[in-house]
Amino acid sequence: MTHISVKVDGTTYQDEVEPRLLLVHYLRDRLGLSGTPIGCDTSNCGACTVELDGVTVKSCSVLAVQADGGEVTTVEGLAKDGELSALQRAFHEKHALQCGYCTPGMLMAARDLLRENPHPSADEIRHGLEGNLCRCTGYQNIVRAVQAASEQEVPA
């Protein structure tokens, strides 16, 4: 077992973990943060995307011990004081989800994109979300939602 200290969505956790434990399993099984889904377990779908020290990562390809001393933001950490972020509101208002399985990863990737490019074109949005797959929506409403969010506050 390895001792880790990690801040997740603003709360610091001290834990003993097996060195091979994936971050996605740590978040879901140890911390109870089920908003980050386990998609493909191969890093192809992007559903498990979280932010680690300000960089989006696919949590199925990162070990929990690699987050030691770091800060993780999950989809649960986007809302503040019960209020959805501008990006979350845009996804809701523009119907940018159907089954919702890819939505956490899409939100995290879109958040990263908007930080880097506050007013992206539709093509830039598509390129920014390339590592995240959706099997339901056809992406049009996801692109519209990101565009709508870009006209509002930029995610921090």
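The values are calculated or read from the model by the stated rules, or taken from the named source; none is laboratory data. The structure presented is a predicted model; accordingly, all values stated were derived computationally and were not measured. For neighbour counting, all protein chains shown are included, and Cβ atoms are generated from backbone atoms with ideal geometry for every residue, glycine included. Calculation scope for accessible area: heavy atoms of the full protein, side chains included, ligands and nucleic acids excluded. Shrake-Rupley method; radii C 1.70, N 1.55, O 1.52, S 1.80 Å.
If you look at just the Cα atoms of the chain, how large are its Rg and its Dmax in Å?
Cα-based Rg and Dmax for the chain come out at 15.2, 47 Å.
Return the single residue from GLU76, GLU93, GLU16 with maximal mean-square fluctuation; model: Gaussian network over the chain, springs between Cα atoms under 10 Å.
In the Gaussian network model the winner is GLU16.
Given N residues in the range 1-73, what is its alpha carbon radius of gyration divided by 2.2 N^0.38 Å?
0.97
If eta is 0.890 mPa s and T is 25 °C, what Stokes-Einstein diffusion coefficient results for the range 1-43, Kirkwood Rh from Cα pairs, in µm²/s?
For the chosen part, D equals 220 µm²/s.
If you roll a 1.4 Å probe over the heavy atoms of the protein chains, what accessible area per residue do you get for the chain, in Å²?
I get 50 Å² per residue for this part.
Of all accessible surface on the chain at a 1.4 Å probe, what whole percent is carbon and sulfur?
48 percent
Binning at 5 angstrom from zero up to the longest distance, how are the C-alpha pair distances of the range 117-156 distributed in percent?
P(r) for the range 117-156, in whole percents per bin: 5, 25, 33, 23, 11, 3.
Within a Cβ distance under 10 Å of GLU71, other residues only, what is the Lys/Arg minus Asp/Glu net charge?
-2
Could you work out the helix-only [θ] at 222 nm for the chain, with each DSSP H run of four or more residues adding -39,500 (n - 2.57) and the total divided by the number of residues, to the nearest 500 deg cm²/dmol?
-7500 deg cm²/dmol
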